[in-house]
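First up is the structure itself, then whatever we jot down about it.
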Amino acid sequence: MVSDKTLTVLLVLAIISSIGATIITLINIEDLREIGLGGIRGLTGKATDTGTASVTVSGAAGITLTDKTIDFGSGYVWANATLATLDSSDSSVINGTWTGVTDFMVVVNSGTQAINVTVSMASADAEVFLCGTGDCPNTATANVEVKAADNEANSCVSGLQSTYTDLATATTKTTVLLCGNLAYADSNDAMNMYARIKIPYDADSGAKQETLTFTGMAI
């Protein structure tokens, strides 16, 4: 007869053996399940689905003046003349002592899409610009005109204001469309703006300066 201690040990071993067999059995069952599931997956065939990728590309409108001034210099209207005319596109001076200059502002489309370009002036009219807030006392002939030309070939695709048109008269001002479609590639995105002004003989003396605002609108 074995002792109780021996029986205890044998019993423990028997229990351990039993647990080991159970674990082996469970592992085998899981292996079979994996094999069975694999077989089921294989029978379903290939599953597919589709998705979409989307992106929105937006352009940015931009405008830059790389030459911001037109300077006609100093002079006066000839005696007995009613007004002097100064043209920055061809340096001509009529009825005045100014030294003619060829000068222009350069407008560049610095954005990434085509724009139209307009220009407007800050003063209420040409008399306020050239004669002050009291206007010219004896005349009503003050005038500011503008026109545009390509700075680079084919910059203005359409709507170029190639002839002089009124920006301001003695009593009014307007917004002028200089170009209806200014391109944005580096090789053709710039244009010039010229000015022609008519200075009455009764304009008060002193330096005259006008602020022009250029606006680029995406098209």
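The values are calculated or read from the model by the stated rules, or taken from the named source; none is laboratory data. What you see is a predicted model; the values in this text were computed from it and never measured. Here the Cβ is made from the backbone with ideal geometry for all residues, glycine too, and neighbour counts use every protein chain on show.
Annotations
- Qualifying residue in the stretch 198-211 (condition: in a strand (DSSP E or B) and farther than 17 Å from ASP87 by Cα): no
- Test for MET191: is it of a type in the set (A, V, I, L, M), surrounded by 15 or more Cβ atoms within 10 Å (Cβ to Cβ) and under 20 Å from the mean Cα position of the chain (by Cα): yes
- Filter result for the condition that a residue is without any contact (Cβ under 8 Å) to a residue 40 or more places away in the chain and hydrophobic (A, V, I, L, M, F, W, C), over ALA170, ALA207, ALA122: ALA207
Residue by residue, here is whether (1) out of contact with any helix residue (DSSP H, G or I) (no Cβ under 9 Å at 6 or more places or on another chain); (2) β-branched (Val, Ile, Thr); (3) outside the structural domain of ILE94 (by TED's automatic domain parsing) holds:
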residue	(1), (2), (3)
ASN151	yes, no, no
THR171	no, yes, no
VAL176	yes, yes, no
TYR194	yes, no, no
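- Unique match (being touching a Gly at 6+ places or on another chain (Cβ under 9 Å) and either in the same structural domain as SER162 (by TED's automatic domain parsing) or not aliphatic (A, V, I, L, M) (or both)) among VAL146, VAL119, VAL93: VAL93
- Of the residues making up the stretch 160-190, those that are assigned to a loop (DSSP other than H, G, I, E, B), under 16 Å from VAL117 (Cα atoms) and of a type outside the set (A, V, I, L, M, F, W, C) are GLN161, SER162, THR163, TYR164, THR174, THR175, TYR184, ASN188, ASP189.
- Among the residues of the stretch 83-124, those identified as out of contact with any strand residue (DSSP E or B) (no Cβ under 7 Å at 6 or more places or on another chain), more than 25 Å from THR215 (Cβ to Cβ) and not charged (D, E, K, R) are SER91, SER92, THR97, THR99, VAL101, THR102.
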